[in-house]
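Report on one structure; see the data block that follows.
The values are calculated or read from the model by the stated rules, or taken from the named source; none is laboratory data. Everything quoted here is computed from the prediction, not taken from an experiment. Cβ sites come from the backbone with ideal geometry, for glycine too, and all protein chains shown count toward neighbours. In case anyone asks, the SASA skips ligands and DNA or RNA and just uses the protein heavy atoms, side chains included. Shrake-Rupley method; radii C 1.70, N 1.55, O 1.52, S 1.80 Å.
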There are 2 protein chains.
Amino acid sequence: MLPIALDAMGGDRAPADIVTGGVRAHAELGLPVLLVGAAGSIAATGANSAGLDVLDCAEVIDMHDDPATAVRRKKDSSLVRAAEAVRDGRASAMVSAGNTGATMASALLRMGRIRGVARPAIVTPIPGLGAHPTAFLDAGANAECQPEWLVQFAQMGAVFARSRYGVDRPRVALLSIGEEDTKGTPLVKEANALLRLRTGDDFDFVGNVEGRDLMAGGADVIVTDGFTGNVALKTLEGGLRAIQKLLLGAMTANDELTAAFDVMWPALVPVIEHLDPETTGGAMLLGVDGVCIISHGSSSPTAVVNALRTAADMVEADLVGAIGKVIA
Amino acid sequence: MLPIALDAMGGDRAPADIVTGGVRAHAELGLPVLLVGAAGSIAATGANSAGLDVLDCAEVIDMHDDPATAVRRKKDSSLVRAAEAVRDGRASAMVSAGNTGATMASALLRMGRIRGVARPAIVTPIPGLGAHPTAFLDAGANAECQPEWLVQFAQMGAVFARSRYGVDRPRVALLSIGEEDTKGTPLVKEANALLRLRTGDDFDFVGNVEGRDLMAGGADVIVTDGFTGNVALKTLEGGLRAIQKLLLGAMTANDELTAAFDVMWPALVPVIEHLDPETTGGAMLLGVDGVCIISHGSSSPTAVVNALRTAADMVEADLVGAIGKVIA
């Protein structure tokens, strides 16, 4: 396999934690990794990156840069170079924990779209009560959508669920404000009608679901526009964080409780890990002509390892080729 | 105070739990309650409703009825009669745990709108890390919105936060997918510009917030369209339920853990109650010419008591008059 281009400069704790993650993925999983970033900064992390190739570049797109402008102007940035490495056949996939908008723009402008794809979409795995996470898209690439795009999101999401979770015939649902086909915005009603026509080809359309179904595990794929998707996803994130804070505060309020908490803690860790976005391998931009993983800005080395593993899995499953076939 | 019209027939456990809640609110809080429903069914609950007036009616709108059709056809239903009682000056407010759409339609068609209000909106209190809940609207009355309506939602939400939480100068935020004014859909961008113009009159506009801010307590009021609002609210509900299930399972997986859990449980109850929508007194339809409380379908007697108390508070605070002044 060609190496996976890892944007060493993107992320809250870049380059140190990113490079460490790359080194670990190489050492523990044998994954070929191409570190993209300023060679001096990478060396200064002190991580033992002896076995990894480095693609040296001078610029960095940071979290505050305007994505479109940054990708146009910072041609020697790690993000742009990582996307070019995939385009030019030097890398099999790209992974970045940097500026999400700029990651999308780099991938879109340098790799281009898969033929027939109207708009790429971000798919995010939502862990919950199901046997595997639910593939949720669009998580924020397209604030406004056409009904036809949501049908493509369903097709791409189904390919993803098949590759990632081994679901033979993914159940696809449409996010709305009631289960009835007649509820929701014009976008939702038209998308519902189109999905009813397309069900059975690549996926089973199981109808509309509500926000309360996102973690219920009743669908393999849930599609929505990028505005609603982003709000819902961040609502879940914020909700989890608030509850965690309230519960931890209550569970350690005095010595007796803290003693009980110490007994409890090892049992809680797997639940917290199960719900942690870091363990799911990050979000992915579907519809561009290459594998592009968008990791959380706060990615730890472990999150980077998981993202690289997911990238490798998606390359080996030929996700891009499979989407091309379904869309064509 | 005129009695509060309580729809005895609406709710998953109606009429028994609803009537019990009405009886308790009367006995414990001295609230005047008008039970609206089939006198026979109310009597059959066995609740001691001796001190309460009953407005006898023959029909019931159930959860599966189409709201508009049901309100038009079932003229002698408890929901329609409850709204008429407010309109006719027989009651000061209405409370229902029944069909949400039909509750809105009854209130809108029988009470009418406050002069100048373009569209009524559902406000829902979201508990979280703040000193009081955040007033969140529109939680589902209007799937599609105009930018000007969101400004009215901000005004009405500010009146609500002032009456309900005693916030002198409510901080109002707009839900979006980034904090920058330039992010989001055209609706969000236009609403942002209008809110910037109106800030300072009745509220302080603090800009855009993201889904992760809903429970953070950084704003007193958060406005959005009814589609996004409904999705976000139900996403939180479902998320809380899923986490509760996962945590409870982990915390009682064996005898040692269960023993620790028994120590912990009394400390967890206040957190669970804090997050429970039942304790916040239910949602409210703002903009109609009367106080209308929309309770959760699963309302227990305690939830009914809280809803009746909230209704009485909002009548005494003259919420409707205050909204009229701000909108005019």
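Of the residues making up the stretch B:270-281, just one is surrounded by 15 or more Cβ atoms within 10 Å (Cβ to Cβ) and under 14 Å from A:ALA253 (Cβ atoms), namely B:VAL271. Scanning the stretch B:165-179 for residues that are open to solvent by less than 90 Å² (accessible area, probe 1.4 Å), farther than 18 Å from B:ALA139 by Cα and not hydrophobic (A, V, I, L, M, F, W, C) gives B:TYR165, B:GLY166, B:PRO170, B:ARG171, B:GLY178. Filter the stretch B:55-72 down to the residues that are among the aliphatic types (A, V, I, L, M) and either over 27 Å from B:GLY101 (Cβ atoms) or free of Cβ contacts under 8 Å to residues at least 40 places away in the same chain (or both) and list them by number. B:ALA58, B:ALA68, B:ALA70, B:VAL71, listed by residue number. Of all the residues in the stretch B:195-209, those that are part of a helix (DSSP H, G or I) and crowded, with 18+ Cβ neighbours inside 10 Å number 1.
When the residues of the stretch B:34-50 are filtered to those that are over 24 Å from the mean Cα position of the chain (by Cα) and not in a helix (DSSP H, G or I), the one that is nearest to B:ILE294 (Cα to Cα) is B:ALA38.
The one condition from (1) in a loop (DSSP other than H, G, I, E, B); (2) open to solvent by 10 Å² or more (accessible area, probe 1.4 Å); (3) in contact (Cβ under 8 Å) with a residue 24 or more places away in the chain that B:LEU240 does not meet is (1). Here A:SER78 passes the criteria (1) in contact with a Leu (Cβ under 9 Å, 6 or more places away or on another chain); (2) modelled with pLDDT under 95; (3) of a type outside the set (Phe, Trp, Tyr) except the one numbered (2).
Residues checked against (1) over 21 Å from the mean Cα position of the chain (by Cα); (2) open to solvent by less than 30 Å² (accessible area, probe 1.4 Å):
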site	(1), (2)
B:MET1	yes, no
B:ALA8	no, yes
B:ARG13	no, no
B:ALA16	yes, no
B:PRO32	no, no
B:LEU52	yes, yes
B:ASP62	no, no
B:ALA91	no, yes
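Filter the stretch B:34-50 down to residues that are among the small types (Gly, Ala, Ser) and open to solvent by 40 Å² or more (accessible area, probe 1.4 Å), then give me how many there are. Within the stretch B:34-50, residues that are among the small types (Gly, Ala, Ser) and open to solvent by 40 Å² or more (accessible area, probe 1.4 Å) number 7. On inspection, B:ASP262 fails the criterion of being without any contact (Cβ under 8 Å) to a residue 40 or more places away in the chain, assigned to a loop (DSSP other than H, G, I, E, B) and among the acidic types (Asp, Glu). Scanning the stretch A:108-140 for residues that are aliphatic (A, V, I, L, M) and touching a Ser or Thr at 6+ places or on another chain (Cβ under 9 Å) returns A:ILE122, A:ILE126, A:ALA135, A:LEU137, A:ALA139.
In the stretch B:210-229, the condition of being in contact (Cβ under 8 Å) with a residue 24 or more places away in the chain, facing another protein chain (nearest Cβ under 7 Å), among the β-branched types (Val, Ile, Thr) and surrounded by 24 or more Cβ atoms within 10 Å (Cβ to Cβ) is met by at least one residue.
For the stretch B:247-269, the set of residues classified as of a type outside the set (D, E, K, R), at the interface with chain A (Cβ under 7 Å from one of its Cβ atoms) and open to solvent by 40 Å² or more (accessible area, probe 1.4 Å) consists of B:ALA253, B:VAL263, listed by residue number.
B:THR100 meets each of the listed conditions (1) within 24 Å of B:VAL288 (Cβ to Cβ); (2) modelled with pLDDT under 95; (3) open to solvent by less than 20 Å² (accessible area, probe 1.4 Å) apart from (3). For B:LYS189, the conditions (1) over 25 Å from B:LYS325 (Cβ atoms); (2) open to solvent by 10 Å² or more (accessible area, probe 1.4 Å); (3) in a strand (DSSP E or B) are fulfilled apart from (3). Scanning the stretch A:154-164 for residues that are open to solvent by less than 20 Å² (accessible area, probe 1.4 Å) and more than 14 Å from the chain's Cα centre (by Cα) yields A:ALA154, A:GLN155, A:ALA158, A:VAL159.
When B:LYS234, B:LYS183 are checked against the criterion of being crowded, with 18+ Cβ neighbours inside 10 Å, more than 27 Å from B:ASP318 (Cβ to Cβ), facing chain A (nearest Cβ under 9 Å) and in contact with a helix residue (DSSP H, G or I) (Cβ under 6 Å, 6 or more places away or on another chain), B:LYS234 stands alone in meeting it. Restricting B:ALA135, B:ALA121, B:ALA107, B:ALA139 to residues that are closer than 30 Å to B:VAL19 by Cα, within 11 Å of chain A (Cβ to nearest Cβ), touching a helix residue (DSSP H, G or I) at 6+ places or on another chain (Cβ under 6 Å) and aliphatic (A, V, I, L, M) narrows the list to B:ALA139. B:VAL172 meets the conditions (1) within 19 Å of B:ALA283 (Cα to Cα); (2) within 14 Å of chain A (Cβ to nearest Cβ) in every case but one. The failed one is (2).
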